[in-house]
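To start, the structure under review is shown below, and the notes come after it.
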Amino acid sequence: MLDPTDRRLLTALDVNPRAAIASLADLVGLARGTVHHRLERFGQSPDVRANSTRVRPAALGLPLRAVVTATILQSERLRTMSGLAAIPQVVECLAVTGSDDLLCHVVARDTEHLREVGLAILAIPGIQRTSTSVVLEEPLEYRVAQLL
């Protein structure tokens, strides 16, 4: 669990992910060694990505985003997930409840490329059916700072 000091430090990093340790220490009122130790601890945690740099796919020539839902054969789940992981344009995949089993965020250069990515997903063992929705805009981007 994150303590209040961790939360203050992560809030400061959310504002400026490239902040120097000295400026972070001044900003949150901690010693430099304490900030350094906490950043090291964050680096060892799979749940905290302090100082991570997020690159928007559009900067990589992949401006088109889509959400692909899929129904899978549960007996093929491991092969299906390995297949999805092998497609670079699948940037995130979530197991969900409801009529579909997976919700995948994908990126592409254009609609033709999106069609190719969709066909690659359909060719994966265990994928039974997919549905693709193109993202038109991102009125509220992924955020967690308000939770800190």
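Within the stretch 30-81, which residues are within 16 Å of the chain's Cα centre (by Cα), β-branched (Val, Ile, Thr) and more than 30 Å from LEU9 (Cα to Cα)?
If the condition is that a residue be within 16 Å of the chain's Cα centre (by Cα), β-branched (Val, Ile, Thr) and more than 30 Å from LEU9 (Cα to Cα), then VAL67, VAL68 are the ones that fit.
I'd like to check something: does the stretch 59-69 contain any residue that is touching a Leu at 6+ places or on another chain (Cβ under 6 Å), farther than 30 Å from GLY126 by Cβ and among the β-branched types (Val, Ile, Thr)?
So far as the stretch 59-69 goes, no, none of its residues is touching a Leu at 6+ places or on another chain (Cβ under 6 Å), farther than 30 Å from GLY126 by Cβ and among the β-branched types (Val, Ile, Thr).
All but one of (1) loosely packed, with under 12 Cβ neighbours inside 10 Å; (2) aliphatic (A, V, I, L, M); (3) in contact (Cβ under 8 Å) with a residue 40 or more places away in the chain hold for LEU147; state the number of the condition that does not hold.
Going through (1) loosely packed, with under 12 Cβ neighbours inside 10 Å; (2) aliphatic (A, V, I, L, M); (3) in contact (Cβ under 8 Å) with a residue 40 or more places away in the chain one by one, LEU147 breaks only (3).
I'm trying to understand the selection: among the residues of the stretch 70-89, which are surrounded by fewer than 18 Cβ atoms within 10 Å (Cβ to Cβ) and either of a type in the set (Asp, Glu) or farther than 12 Å from VAL117 by Cα (or both)? Let's see the steps before the verdict.
If we filter the stretch 70-89 for residues that are surrounded by fewer than 18 Cβ atoms within 10 Å (Cβ to Cβ), which is where we start, we get 71, 73-79, 81-82, 85-88.
Scanning the stretch 70-89 gives THR71, LEU73, GLN74, SER75, GLU76, ARG77, LEU78, ARG79, MET81, SER82, ALA85.
As an exercise: evaluate LEU10 against (1) of a type outside the set (D, E, K, R); (2) more than 27 Å from VAL106 (Cβ to Cβ); (3) at pLDDT 90 or above; (4) out of contact with any helix residue (DSSP H, G or I) (no Cβ under 6 Å at 6 or more places or on another chain) and give the number of the one condition it does not meet.
(3)
Just one of ARG7, ARG65 is in a helix (DSSP H, G or I), of a type in the set (D, E, K, R) and in contact (Cβ under 8 Å) with a residue 24 or more places away in the chain; which is it?
Details: ARG65 fails: in a helix (DSSP H, G or I).
Answer to the selection: ARG7.
For residues that are at pLDDT below 90 and small (Gly, Ala, Ser), scanning just the stretch 36-69, find the one that is surrounded by the most Cβ atoms within 10 Å (Cβ to Cβ).
It comes out as ALA50.
Consider VAL107 against the criteria (1) under 21 Å from LEU64 (Cα atoms); (2) exposed (fewer than 14 other Cβ atoms within 10 Å of the Cβ): it satisfies all of them except one. Which criterion is unmet?
(2)
Any residue at all in the stretch 73-94 that is at pLDDT 95 or above, in contact with a Cys (Cβ under 9 Å, 6 or more places away or on another chain), outside the structural domain of ILE21 (by TED's automatic domain parsing) and not hydrophobic (A, V, I, L, M, F, W, C)?
Yes - at least one qualifying residue is present in the stretch 73-94.
For the stretch 119-133, which residues satisfy the criterion of being loosely packed, with under 13 Cβ neighbours inside 10 Å, among the small types (Gly, Ala, Ser) and not in a strand (DSSP E or B)?
The one that is loosely packed, with under 13 Cβ neighbours inside 10 Å, among the small types (Gly, Ala, Ser) and not in a strand (DSSP E or B): ALA123.
Within the stretch 115-128, is even one residue among the aliphatic types (A, V, I, L, M) and assigned by TED's automatic domain parsing to the domain that holds ARG18? Please lay out each step first, then the result.
Of the stretch 115-128, the ones among the aliphatic types (A, V, I, L, M) are 117, 119-124, 127.
Subsequent filtering for residues that are assigned by TED's automatic domain parsing to the domain that holds ARG18 retains none.
For the stretch 115-128, residues among the aliphatic types (A, V, I, L, M) and assigned by TED's automatic domain parsing to the domain that holds ARG18: absent.
Could you list all residues from the stretch 82-99 that are over 15 Å from the mean Cα position of the chain (by Cα), more than 12 Å from ILE121 (Cβ to Cβ) and of a type in the set (Gly, Ala, Ser)?
SER82, GLY98, SER99, listed by residue number.
The values are calculated or read from the model by the stated rules, or taken from the named source; none is laboratory data. Bear in mind the structure is a predicted one, so any value in this text is a computation, not a measurement. Positions of Cβ are backbone-derived with ideal geometry, glycine not excepted, and every protein chain shown enters the neighbour counts.
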